[in-house]
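For reference, the structure is listed below as structure tokens.
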Amino acid sequence: MDVEEEGIGSLQNAQIEVGDYVLVALQKKSLVAHFVADVLLIDSLDVEVKFWKHLGNEKFIPMDEVSFVMKADVVLRLPKPVLVGGTSCQSGKFAFAINLVSFPLK
């Protein structure tokens, strides 16, 4: 699914809940990097997330890195990830049914 097909506005304005997968934008100096994360806890201003590592080719693996981000840094609510690959080399890798090519992923 392409972000433009789904409508980026509908994803941005979607209510996020614990257990959702999100795209987070974090700024370092003049560079904005995007990270995939799953939502662990939500409070009034912040969201506790667990980050996923981007492996390239739109594949990700969950990490143990947990952090708080501001709600304003959550760019998109993502669809549930799908396990990809049937080989031992590909096991444990996930993909999201959305085109994230327009976001510089880390």
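Matching residues to (1) within 24 Å of Lys28 (Cα to Cα); (2) assigned to a strand (DSSP E or B); (3) touching a Leu at 6+ places or on another chain (Cβ under 7 Å):
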residue	(1), (2), (3)
Trp52	yes, yes, no
Ile61	yes, yes, yes
Leu83	no, yes, no
Phe94	no, yes, yes
Val101	yes, no, no
> All but one of (1) over 14 Å from the mean Cα position of the chain (by Cα); (2) touching a residue at least 60 places away in the same chain (Cβ under 8 Å) hold for Val75; which doesn't?
Replying inline: (1)
>> For segment 80-100, check the following and say yes or no: at least one residue is within 10 Å of the chain's Cα centre (by Cα), under 14 Å from Ile16 (Cβ atoms) and surrounded by 15 or more Cβ atoms within 10 Å (Cβ to Cβ).
In response: no
> Does segment 63-79 hold any residues that are of a type outside the set (D, E, K, R), surrounded by 13 or more Cβ atoms within 10 Å (Cβ to Cβ) and not in a strand (DSSP E or B), and which are they?
Replying inline: Pro79
> For the subset of segment 56-66 comprising residues that are under 17 Å from Leu41 (Cα atoms) and in contact with a strand residue (DSSP E or B) (Cβ under 6 Å, 6 or more places away or on another chain), which member is modelled with the highest pLDDT?
Replying inline: Val66
> Going through segment 21-30 one residue at a time, which ones are in a strand (DSSP E or B) and without any contact (Cβ under 8 Å) to a residue 24 or more places away in the chain?
Replying inline: Gln27, Lys28
>> Report every pair of residues separated by at least 6 positions or lying on different chains whose Cβ atoms are under 8 Å apart, first residue within segment 40-61 and at positive phi, second surrounded by 15 or more Cβ atoms within 10 Å (Cβ to Cβ) and not in a strand (DSSP E or B).
In response: Glu58/Phe96; Glu58/Leu100
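The values are calculated or read from the model by the stated rules, or taken from the named source; none is laboratory data. Because the structure is predicted, anything quoted here is derived from the model rather than measured. Heads up, the Cβs are rebuilt from the backbone with ideal geometry, glycines too, and the neighbour counts pull from every protein chain shown.
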